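The values are calculated or read from the model by the stated rules, or taken from the named source; none is laboratory data. The structure presented is a predicted model; accordingly, all values stated were derived computationally and were not measured. Quick reminder, even Gly has a Cβ in these numbers, built from the backbone with ideal geometry, and neighbours come from all protein chains shown. Accessible surface is based on the protein model in full, side chains and every heavy atom, while ligands, DNA and RNA are left aside. Shrake-Rupley method; radii C 1.70, N 1.55, O 1.52, S 1.80 Å.
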Amino acid sequence: MTRLKADDISKVVAGLTQYDVELISKTGCSLKAIAARAAQRDLDHISASRLKIAVIPVTSGQGIIGGFTAAVAGILDYLGFDTFITQNSDVAGIAEAIHGGAEVVFAADDHKFIAFNLRTGAIADNGAATGQGYITALNQMCCGLTEKPVLVIGAGPVGRSAAGLVAKLGGLVSVYDIDVTASRALVDELRKQGQPAKVETDLDYALSRHQVIVDASPAEAVIPPRHITERTIIAAPGVPLGVPPEQRGKHSARILHDPLQIGVATMCFLVI
Ligand code: 2YJ
């Protein structure tokens, strides 16, 4: 799993209004609407609740990422929640969140990023939520995924969740992972659920045969320019973005990518 860097997230909060304008132009839906739809929650009910959420800094492993809790809290605040970052980190932060009346807490270490509802026990994982949120948005961008071939690059937690929802929405899933045992395991799992799915072993060939791509890999420039046309649609939860920098401007209307926004918003709506 990629560890986010301060640079990846430094502009998240200041850019949220513009981010939403661009998301609406790509998908027809705001961040709130995408997350609510991904979590199958009623938007009217959610708008009515001004829920208290605590974001807790976690020092374990490689420690605090500058701006991480501020970016998470900024997204939740933008969505209309009553959000605070605890002064204390780790276990003292949990105690502070509870004393401060938080109903939901967000916390991440180097391996796991969760949202947890202290009242209901509901829990959401960032990897799974990000996959769900991105495919909900991709479904909007593609005017439905039924019978459409979709290439999922990366069979980690985000790719697995994404592939599962693509299949559920009727898309024809192909999976490529640098580790073929990971793509085989994912495809086997989908087939067991009665979903058609295919393992791809040659990424170049797979890219040449797909217009709809989910880049859930941490590799840079994984999608070479020759495979990006006016009809290519890319949902890219993977950090860094797999589209080479010089291709991004030209195709930006058909590329969906962010470091945290869709994942955090979807996590929140999954636990409330
Ligand atoms: O509290 C902090 O500042 C740190 N403990 C945050 C750690 C953030 N964790 C990561 O970057 C993980 N690799 C998972 C992030 C998943 C984002 N899609």
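Computed quantities for the displayed model
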quantity	calculated
Residue match in segment 48-63 (condition: open to solvent by 50 Å² or more (accessible area, probe 1.4 Å), modelled with pLDDT under 95 and either part of a loop (DSSP other than H, G, I, E, B) or more than 16 Å from the ligand (Cβ to nearest atom) (or both))	yes
Matching residues in segment 219-258 - criterion: being within 16 Å of the ligand (Cβ to nearest atom) and either of a type outside the set (D, E, K, R) or touching a Gly at 6+ places or on another chain (Cβ under 6 Å) (or both)	A219, A235, A236, P237, G238, V239, P240, L241, G242, L256, H257
I213 open to solvent by 20 Å² or more (accessible area, probe 1.4 Å), among the aliphatic types (A, V, I, L, M) and in the same structural domain as D179 (by TED's automatic domain parsing)	no
Subset tally (residues that are in a helix (DSSP H, G or I), open to solvent by 60 Å² or more (accessible area, probe 1.4 Å) and either within 12 Å of T266 (Cα to Cα) or of a type outside the set (G, A, S) (or both)) for segment 17-42	6
Breaking point among (1) more than 13 Å from the ligand (Cβ to nearest atom); (2) more than 21 Å from A71 (Cα to Cα), for L270	(2)
In segment 170-208, the residues that are surrounded by 13 or more Cβ atoms within 10 Å (Cβ to Cβ) and among the charged types (D, E, K, R)	D177, R184, E189, R191, K198, E200
Residue satisfying all of: in segment 1-15; surrounded by fewer than 19 Cβ atoms within 10 Å (Cβ to Cβ) and not in a loop (DSSP other than H, G, I, E, B); farthest from the ligand (Cβ to nearest atom) among these	D7
Segment 84-103, residues that are assigned to a strand (DSSP E or B) and within 12 Å of the ligand (Cβ to nearest atom)	I85
Exclusive hit being within 15 Å of the ligand (Cβ to nearest atom), open to solvent by less than 10 Å² (accessible area, probe 1.4 Å) and either over 30 Å from L203 (Cβ atoms) or in contact (Cβ under 8 Å) with a residue 12 or more places away in the chain (or both), set L76, L151	L76
Unique match (being without any contact (Cβ under 8 Å) to a residue 24 or more places away in the chain and open to solvent by less than 10 Å² (accessible area, probe 1.4 Å)) among T232, T266	T232
